[in-house]
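Worksheet: one structure, shown below.
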Amino acid sequence: MAGKPPRNSFRIQLGGWLSDFAVTMTCWAYFTLGFVLLFSVGYCVAYLFSPQREISFQRLTNLFFRGFLGIVRTAAPRHHWQIDKRIAETKSSVIICNHLSYLDPLLMISLFKRQKTIVKTKFFKVPILGWVIRNAGYCPADSNGKFARMMIDQIEQMEGYLAGGGNLFVFPEGTRSRDGKIAPLNRGALKIARLCRAPVYVLHLCNTEKLFTPGKFLFNTRIKNTISLTIVDRIEPDSGQGLSLTELESRISQALMMLPAESEGRTI
């Protein structure tokens with residue numbers, strides 16, 4: 001009959017949807033049940049007995065999300081991952097990255113055993129999640145109300161944390177880009193880098209939104225895609241101190257807009 005879609009086309013679409021659904025459910029089952037069955041005991045032991053609770057929570061969170069990303073990579077093999085190996089070796093630095101998908105912070109956590117980031121204040125109020133990120137030493141984004149003291153304490157401790165080998169990673173746009181363009185940057189992380197005299201690494205992330213698209217629940221497992229994370233600039237602390245905040249912001253914005261190939265000739 002005219003206007004009726006071919007049966008094979010419908011079956012292909014249904015098969016694709018079922019594949020996306022199965023992968024999504026598998027990943028989020030790990031996210032929930034994996035935490036309860038595999039990691040909750042470890043967090044409780046670290047909370048009660050670890051002499052370095054913050055470090056223990058960060059390392060457990062790193063292991064948890066390495067497992068999550070391992071499942072994602074295995075279950076969605078059409079998405080190829082190209083992660084600059086130098087990134088995981090980075091220590092004592094402020095790491096700036098563009099932001100495309102909810103997968104981005106999970107990927108960053110999976111790369112660093114010692115990691116902090118700035119988290120929207122609403123997540124500190126979520127049961128269990130808020131407890132984990134508080135004990136991991138993550139920083140609330142909002143300095144108002146009861147979280148003001150927490151933010152001040154974390155900033156005061158940041159210089160020692162960075163000097164001890166930890167990393168602070170930040171998505172300075174503050175939210176996910178819906179069109180790939182770089183939004184105006186929040187200067188908070190830049191001020192921390194200048195205050196702590198820490199190197200700033202600028203990373204360029206590509207195509208995570210094609211696997212997990214903003215506004216959609218299901219992973220898109222069917223397309224061929226390459227997800228890449230590349231160092232596009234490195235700003236030494238002495239250089240950072242010589243630049244005004246406006247100049248530093250401009251340099252980082254320009255680096256974030258680069259394609260990875262455009263940065264190959266730059267000194268990193």
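The values are calculated or read from the model by the stated rules, or taken from the named source; none is laboratory data. From a predicted model like this one, the values you see are computed outputs, not experimental measurements. Please note: Cβ atoms are built from the backbone with ideal geometry, for glycine as well, and neighbour counts cover all protein chains shown.
Going by the structure shown, is K85 among the charged types (D, E, K, R) and in contact with an Asp or Glu (Cβ under 9 Å, 6 or more places away or on another chain)? So K85 fails the test. For Q58, the conditions (1) surrounded by fewer than 17 Cβ atoms within 10 Å (Cβ to Cβ); (2) modelled with pLDDT of 95 or more are fulfilled apart from (1).
Being of a type in the set (V, I, T), under 30 Å from I223 (Cα atoms) and outside any strand (DSSP E or B) is the requirement here; does I109 meet it? Considered against the rule, which asks whether it is of a type in the set (V, I, T), under 30 Å from I223 (Cα atoms) and outside any strand (DSSP E or B), I109 comes out as yes.
Restricted to region 112-216, the set of helices (runs of 4 or more DSSP H) holding at least 3 residues that are modelled with pLDDT of 90 or more and surrounded by 14 or more Cβ atoms within 10 Å (Cβ to Cβ) comprises 129-135, 148-163, 208-211.
Could you tell me whether region 91-102 includes any residue that is part of a helix (DSSP H, G or I), buried (at least 17 other Cβ atoms within 10 Å of the Cβ) and touching a residue at least 24 places away in the same chain (Cβ under 8 Å)? Within region 91-102, none of the residues are part of a helix (DSSP H, G or I), buried (at least 17 other Cβ atoms within 10 Å of the Cβ) and touching a residue at least 24 places away in the same chain (Cβ under 8 Å).
Could you list, in sequence order, the residues of region 108-127 that are touching a residue at least 40 places away in the same chain (Cβ under 8 Å) and out of contact with any helix residue (DSSP H, G or I) (no Cβ under 6 Å at 6 or more places or on another chain)? Across region 108-127, the qualifying residues are M108, F112, K116, T117, I118.
Restricting region 242-268 to residues that are exposed (fewer than 12 other Cβ atoms within 10 Å of the Cβ) and part of a helix (DSSP H, G or I), which is modelled with the lowest pLDDT? Restricting to residues being exposed (fewer than 12 other Cβ atoms within 10 Å of the Cβ) and part of a helix (DSSP H, G or I), the top hit is A261.
Just the residues that are assigned to a strand (DSSP E or B), closer than 29 Å to R251 by Cβ and of a type outside the set (A, V, I, L, M, F, W, C), please, taken from region 52-90. Hit for region 52-90 is Q82, nothing else.
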